[in-house]
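Peer 1: Structure in structure tokens, see below.
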Amino acid sequence: MSSKIACAHCHLEFEPSVMIKDGENYFCCSGCQGVFHLLKDEGLESFYEKSKNTTLSPPSQNFEDSSSFDTELFYEKFVKTNKDGFCEVSLIIEGIHCSACVWLNEKVLHKMDGVIEANINFTNNKATIVWADNVVKLSAIIDTIRSIGYNAFAYDSLAQETHANRERKSYYLKMAVAIFASMNIMWIAVAQYAGYFSGITQDVKTILNIAEGILATPVLFYSGWIFFRGGYYGLRAKVVNMDLLVATGATTTYIYSIYITAIQKGEAYFDSVSMIITFVLIGKFLEILSKKNAADTLDKIASTIPSEVKVVKDEKIVTCKLDDVKVGDIVVVRSGEKVLLDGEIIKGSGSFDESNLTGESEPVYKSVGMSVISGTLSIDADVDFMATKDFKHSTLSNIVKLLESAINKKPKIQQMANRLSEHFSSVILGLAFLTFLIWWFWPHSFETSLMVAVSVIIIACPCALALATPVATLVGLGLGASRGVLFKEAAGLETMSKSDALVLDKTGTITIGKPEVTKEHIFESFDKKLLYSLVKSSNHPVAKGVLKYIEEEDENIIDIVFDEFSQIPAQGIKAKFGETQMLGGNRKLLDENGLEVDFFTKETLFYFALNKRVVAVYELQDKIKDGVKELVNSMKKMKIDVIMLTGDNESIAKKVASKVGIDKLFYEQTPQSKAEFINKLHSENRTVVMVGDGVNDILALASADIGIVMGSGSDIAVEVGDVVLLNNSMKSLEDAFRISSTTFSLIKQNLLISLAYNALTIPLAMAGYVIPLVAAISMSASSLLVVGNSMRIRYKWNKD
């Protein structure tokens, strides 16, 4: 008696020690285990009754061992842990070529225990999978994907390009065979059509039909294999997809033509079989090229990340891997090189090109003490800088992650389109069958009935419906990224396009957030070095404004070292140098120290006193950003209410609001009251966009439907925001509204095009006015029309 145990799925026998025990069942691998549970969950247990005398192949047999996905090295390189403690990985799903493929993979993955989230982007076949590692291993997830006819590998930009090229080459070969055969079939068809009018014997006609059939066979079964494969796996998951429509229509016509050729009576349609496959295949290939073009901007940003960097080690410059650089390491950048990490310059100076991140074409000059941003390019700067973040937490790395995450988040309108396309194919098959019956009973011609039904199947196009949203969304996200507008989720485009209230913080949003001296009042002469040294010791924005003013007056001024120095929160600075007592700050500081002053204005004031006597007063204003007034006017034209919320006093708030044309303002607001105000707008059924940059804006940003953060804002504010303006400009904010509005309009246009196309062409096909060849051309054209319409936004904005 054999001691081996048969696998519950594939029936292959193995020793018990190598088997996976699952309740009463044993499995030879996690792939078989996954398929077993998948079939059970889908109610397809009868599969095993039908195959009980058959030995099946384990699902992952033709692929490399999936256990490599569970190794520590793989996890370190490709898997990250999200804020909820779950594992997250980006994979490329190989073999996806229509929206039904996406739906099938997502459905199967969501049914797995331990899989929290599975989002697949149709435009680039990239899957973001979140799972509980203590419940299911990544290898089991990979095996499940393989079990339904696809393959998965870790996302890597270079590897992805290699796979994309391989897919294109595969399409090239399939199209070459299809086009070659179709061209020869058409020459034969010319002879047949000529004979139809001038007369042709049945023997000659049969020979021509056989020749056409021989040429049509590789077109159907080689070039058209992807449709059979897609239709098969769709049926396994109880999905009627576009592939099944094409495969059904072409195969039915092929079988009928063989029958006609065999009985030597009637008309064969091998030319239609060849043309259907050829034109649909060409349409799919053009879709692949269009989807690649739509993702170019995102690829461009990702491609700015080389793998190595130069660092200083033991007073020598050495090259090391980017991931090995730690915070505090000294990085060397020379003229013409890219900055790969965030840091602070400690040696050298020069100009940097930040257009990749901010969209600004003007070079930015930077010197010692200033920050450099990863992803920028050194134009003429030879600098050494100290890394302030490792690569995983760098600006560029975060931007790429956010972009990749954004294109996987589906807007509500896309979810609706996906639900429509899921049921679309089933309806079409039903209509085709109904059409066949009607034409069979009248005019009672099997040939005519079959050809009309095939035309109905072929002309219907769920792909156009499925492509309506993702391509337009991806183009909008890419356009935003190229202009310094980073949407964290694609759904933000839809929400922002429906907004009717824009709430603006003042400091750092409407204004620069850096007060500048507008007037200097000197009451007694004094040594400017005392004041210069005092304000240089403070990080307060007002002190920095005075410091900048003094440095512009005298570039060669030097500071001194105080004998005593202290900062008084919310008041200012106290210091002592020799016998001289100094005070610098606001009026409250003077009141606390018994000094009387009779100088007042509505502006921000900085008082400077020596030995209990006020010797100077500086008036400062926070300069308003360029483009704010134009933004407000643009929002009014779009019928969006603009509201200013600020913690400043009434006089300053009203002065700023009047300068930029804002009619609605609320001053002396706390972080809590800002959030309460936005919730009040929500109670009025308003869709609110909040723009801020500081920690005090976090509650309001989180409360708003869309939170927009300036790229220079605090890290926590950037984390909370839904959209990041990388270049901090009001033009980018206006662009964000325009891009979201235009993108959403294109999505609606695409859905209308798709629905109108099907509403017009399907009745024509059912009425017998469309032959299968024209149906195939029309179906491909509808998908390309949707893609082309989506690309209009890019060309339109490039002209602006």
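The values are calculated or read from the model by the stated rules, or taken from the named source; none is laboratory data. Not measured: the values here are computed from a predicted model. Note: ideal-geometry Cβ built from the backbone for every residue, glycine included; neighbour counts use all protein chains shown. Only protein heavy atoms, including side chains, enter the accessible area calculation; ligands, DNA and RNA are left aside. Shrake-Rupley method; radii C 1.70, N 1.55, O 1.52, S 1.80 Å.
Peer 1: How much of the accessible area of segment 551-640, probe 1.4 Å, is carbon plus sulfur, in whole percent?
Peer 2: Details: 2500 of 5540 Å².
Percent of accessible area from carbon and sulfur atoms in segment 551-640: 45.
Peer 1: A further question on this structure: Stretch residue 649-residue 111 to full length: gain in nm at 0.36 nm per residue minus the Cα-Cα span? Can you show the working numbers first?
Peer 2: On the way: separation 538, 0.36 × 538 = 193.68 nm, distance 5.62 nm.
Using 0.36 nm per residue and subtracting the Cα-Cα distance, I get 188.1 nm.
Peer 1: If packing is taken as the average count of other Cβ atoms within 10 Å, what order do 226-235, 387-396 fall into, highest mean first?
Peer 2: Numbers: 226-235: 20.6, 387-396: 18.6.
Output ranking for 226-235, 387-396: 226-235, 387-396.
Peer 1: Give me the net charge for the shell around residue 684: Cβ to Cβ below 14 angstrom, other residues only, Lys and Arg +1, Asp and Glu -1.
Peer 2: Values: positive: 664, 680, 686; negative: 500, 641, 676, 705.
My count for the surroundings of residue 684 gives -1.
Peer 1: Mind listing the long-range amide H neighbours of residue 381? Cut-off is under 5 Å, sequence gap 5 or more, other chains count too, H placed in the peptide plane at 1.01 Å from N.
Peer 2: Excluding prolines and chain starts, which carry no amide H, the hits are 336, 351.
Peer 1: If I model a spin label at residue 781 and residue 623 as a point 7 Å from the Cα along the Cα→Cβ vector, what separation in nanometres do I get?
Peer 2: It works out to 5.7 nm between the two label points.
Peer 1: How do the peptides 309-320, 474-485, 104-115 rank, highest first, by the average count of neighbouring beta carbon atoms within 10 Å per residue?
Peer 2: Result, highest mean first: 474-485, 104-115, 309-320.
Peer 1: Can you pull out the GluC sites (Glu not before Pro) in segment 426-534 that DSSP calls coil and that have at most 16 other Cβ atoms within 10 Å? Please list the in-between numbers first.
Peer 2: Working: sites: 447, 489, 494, 516, 520, 524; in loops: 489, 524.
Counting only loop positions with at most 16 other Cβ atoms within 10 Å, the GluC sites (Glu not before Pro) in segment 426-534 are 524.
Peer 1: Please compute the modelled spin-label separation between residue 591 and residue 529, points set 7 Å along Cα→Cβ, answer in nm with one decimal.
Peer 2: 3.6 nm
Peer 1: Here's a follow-up. Taking 22 Å as R0, compute the FRET efficiency from the Cβ-Cβ separation of residue 437 and residue 767 and round it to 0.05. List each step's numbers first, then the result.
Peer 2: Working: r = 15 Å, r/R0 = 0.67.
The formula returns an efficiency of 0.90 here.
Peer 1: If we count every other residue with Cβ under 9 angstrom of residue 185's Cβ, Lys/Arg +1 and Asp/Glu -1, where does the sum land? Mind showing how you got there, number by number?
Peer 2: Values: positive: none; negative: 212, 271.
Around residue 185, the surrounding residues sum to -2.
Peer 1: Quickly rank 370-378, 245-253 as a protection proxy: mean count of other C-beta atoms within 10 Å, highest first. Don't jump to the answer; show the numbers that get you there.
Peer 2: On the way: 370-378: 20.6, 245-253: 25.0.
Highest mean packing first, the order is 245-253, 370-378.
Peer 1: Now, a different point. Quick one: which residues, 5 or more positions from residue 511 or on another chain, have an amide H under 5 Å from its amide H? H modelled 1.01 Å from N in the peptide plane, none for Pro or chain starts.
Peer 2: The answer is 625.
Peer 1: Report the label-to-label distance for residue 599 and residue 663 in nanometres (one decimal), using points 7 Å from each Cα along the Cα→Cβ vector.
Peer 2: Using points 7 Å along Cα→Cβ, the separation is 4.0 nm.
Peer 1: What order do 337, 24, 668 take when sorted by accessible area (1.4 Å probe), most exposed first?
Peer 2: On the way: 337 55, 24 175, 668 120 Å².
Largest accessible area first, the list is 24, 668, 337.
Peer 1: Counting other Cβ atoms within 10 Å, which chymotrypsin sites (Phe, Trp or Tyr not before Pro) in segment 527-629 have at most 12 and lie in a DSSP loop?
Peer 2: Answer in residue order: 599, 600.
Peer 1: While we're on this one: Using amide H atoms built 1.01 Å from N in the peptide plane, name the residues 5+ places from residue 152, or on other chains, whose amide H lies under 5 Å from its own.
Peer 2: Distant-sequence amide H within range of residue 152: 94.
Peer 1: Next up: Length gain on complete extension for the stretch residue 686 to residue 444, per 0.36 nm per residue less the alpha carbon to alpha carbon distance?
Peer 2: The span from residue 686 to residue 444 would gain 81.1 nm if fully extended.
Peer 1: Another question, if that's okay. If you stretched the chain out fully between residue 232 and residue 676, how much longer would it get, using 0.36 nm times the residue separation minus the C-alpha to C-alpha distance? Spell out each step's value before the answer.
Peer 2: Details: separation 444, 0.36 × 444 = 159.84 nm, distance 5.46 nm.
In short, 154.4 nm is gained.
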